[in-house]
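Just so it is clear, none of the values below were taken in a lab; they were calculated from the coordinates. These numbers come from a predicted model, not from an experiment. Here Cβ is always computed from backbone atoms with ideal geometry, including for glycine, and neighbour counts include all displayed protein chains.
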Amino acid sequence: MMMTMFARTIHRSSSRINVHHSSLSLSHSLRCNSHSPSNILHCQMSTETASIIDRLKSSGLLRTKGLIGGKWTDAYDGRTIEVNNPASGDVIASVACMGERETKDAISSAYDAFSHWSKLTANDRSSRLRNWYNLLLQHKEELGQLITLEQGKPLKEAIGEVGYGASFIEFFAEEAKRIYGDIIPPTLSDRRLFVLKQPVGVVAAITPWNFPLAMITRKVGPALACGCTVVIKPSELTPLTALAAAELALQSGIPPGVLNVVMGDAPKIGNTLVESPQVRKITFTGSTAVGKKLMAGAAETVKKVSLELGGNAPCIVFDDADLEVAIKGSLATKFRNSGQTCVCANRILVQEGIYEKFTKAFSNAVQNLKVGNGLTEGVAQGPLINEAAVQKVESFVQDAVSKGAKVLLGGKRHSLGMSFYEPTVIGDVKNEMLIARQEVFGPVAPVLRFKTEEEAIQIANDTNAGLAAYIFTNSIKRSWRVSEALEYGIVGVNEGLVSTEVAPFGGYKQSGLGREGSKYGMDDYLEIKYICMGNMG
Ligand code: NAP
């Protein structure tokens, strides 16, 4: 089992290196197995995992094949890819490892389904989405268990993700009925001018492993509501949640071909999606490096592109903050999902007058976070997704310490082994250190000291990223001033948890393009058509 985990880790890290070094062709090494059927591998797993898998199997939610045109489909060459539990190394299942041919067929299915789906009334689409929402909630527990098994986050957090993920389907089921056009006062008396909004067509949705459900529903909800059809490419690390959600979509009356899922060889699938003239839009959540490649590739066919990329969130604690509120908010934004979210605080900037008090109280709070298998009651921190993620965290911590930062808590791998890392606080961090320049994507809180509000804003904005930022202050004037000065798409004021389906989510600068969630989340899936009617006098 350890060997499998290790092999997977090596593969993942090499794939990342390839991404950085490739040009327009999106290269990536492959860990598919030849000709073994996609299935569930009972013999290799712990009793706890096996009993959850049995329950998931009997509820019909454990799917291991891709979904093309409403049919569960093996990879055409029979190859498979293993899905591991990062907490134990157990191989949970072996899923179809697809590539170009399957992706082409999924695109054709979505293209064919578009003509029917886009012509349904908004009410009809809305009620099917509402059915899907209801089914997701009905299966909240099982979906939560599946997320914990393949992604590692604590079960309570995983069930929270199901609620959050489902909320996008509910919200956009309602928005489906509000896609209004316009009538424009004409400039000539015999003219009548109208604006219609129409679905863009086939959408390709490529999603990451850190929110295996919510990153899908945030895209598929508005796409389907607008009348688009989709091909989803979930991460090879967490395909099971995506497949379970697709099963529930079928059960909810969303017709075959409207929602397709292919997974496996990411660059081949990505290239096929990007190159296809039938795909009219790419929506991607993931790393900035892969996002840039997709954006460049999409230029060839001039597709619409939405990108939700990496962040480097500053969390600014001013002298005048309520200490308790600041600790609670910083803890929530830093350690959620073991620090593996794009909106996690990546730099905690603390004003000098409150620095000592804050770091002491914050470290005490961090020390209380229980680390372990996400299925265990009371666990607040699960494992990191894989060995490569731990190695990245280690190298960032090492770099910071070698340049003068001080480990105040943690700072090493957890005694639980696998990919567990101790919740860590590092003081005296400088903005030049690697840990403050790039996303650490792990349970490490780097604390920086600042003197003035101007300095805090300057440090906060000194990055290519611009997704989320947080400020803690009791001054209303300051909260406005600083919120306006921060070059970020999302600002939390005295609050560390800001994501909700009703508000726009997205970044400035290299954190992305477009917004997801809220009424603004519909715009990227719609074309605007202007109709000019003449001779109307
Ligand atoms: P990633 O490596 O970029 O992967 C994201 C998706 O892209 C996965 O499905 C991956 O497939 C696929 N992919 C990888 N290489 C590809 C290629 N050459 N062509 C086409 N697709 C390719 O990112 P990640 O490590 O999974 O996710 C973490 C990143 O996502 C962080 O930077 C985080 O900040 C960002 N994120 C952003 C948001 C946001 O809303 N802004 C939300 C969540 C996460 P495989 O996994 O199968 O290789």
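Laid out as a table, the results:
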read-out: Segments 207-214, 266-273 sorted - mean Cβ within 10 Å per residue, highest first; value: 207-214, 266-273
read-out: Sorted by Cβ neighbour density within 10 Å, fewest at the top, the residues Val91, Val195, Val202, Val493; value: Val195, Val493, Val91, Val202
read-out: Extension gain from Ser46 to Ile183, taking 0.36 nm per residue of separation minus the Cα-Cα distance; value: 43.1 nm
read-out: Computed [θ] at 222 nm, helices only, for the chain once each DSSP H run of length n ≥ 4 contributes -39500 (n - 2.57); value: -12500 deg cm²/dmol
read-out: Shape category assigned to the chain from the gyration tensor of Cα positions, a/c cut at 1.5; value: oblate
read-out: Reach of Lys292 by Cα under 17 Å, taken over aspartates and glutamates that are not fewer than 8 positions away in the same chain; value: Glu275, Glu300, Glu308, Glu439
read-out: Cβ-based exposure ranking for Ser363, Ser511, Ser402, in which fewest neighbours within 10 Å come first; value: Ser402, Ser363, Ser511
read-out: Ordering of 80-89, 409-418 by burial proxy (mean other Cβ atoms within 10 Å per residue, highest first); value: 80-89, 409-418
read-out: Entries of Lys233/Lys303; Lys71/Lys177; Lys219/Lys293; Lys119/Lys197; Lys71/Lys303; Lys304/Lys509 with Cα pairs more than 23 Å apart; value: Lys71/Lys177; Lys71/Lys303
read-out: Inter-probe distance in nm under a simple model that places probes 7 Å from Cα toward Cβ, at Gln398 and Asn535; value: 7.7 nm
read-out: Packing-based exposure ordering (other Cβ within 10 Å, fewest first) of Met263, Met433, Met522; value: Met522, Met433, Met263
read-out: Cross-link reach list, aspartates and glutamates versus Lys403, counting only Cα pairs under 12 Å and skipping chain neighbours closer than eight places; value: Asp428, Glu432
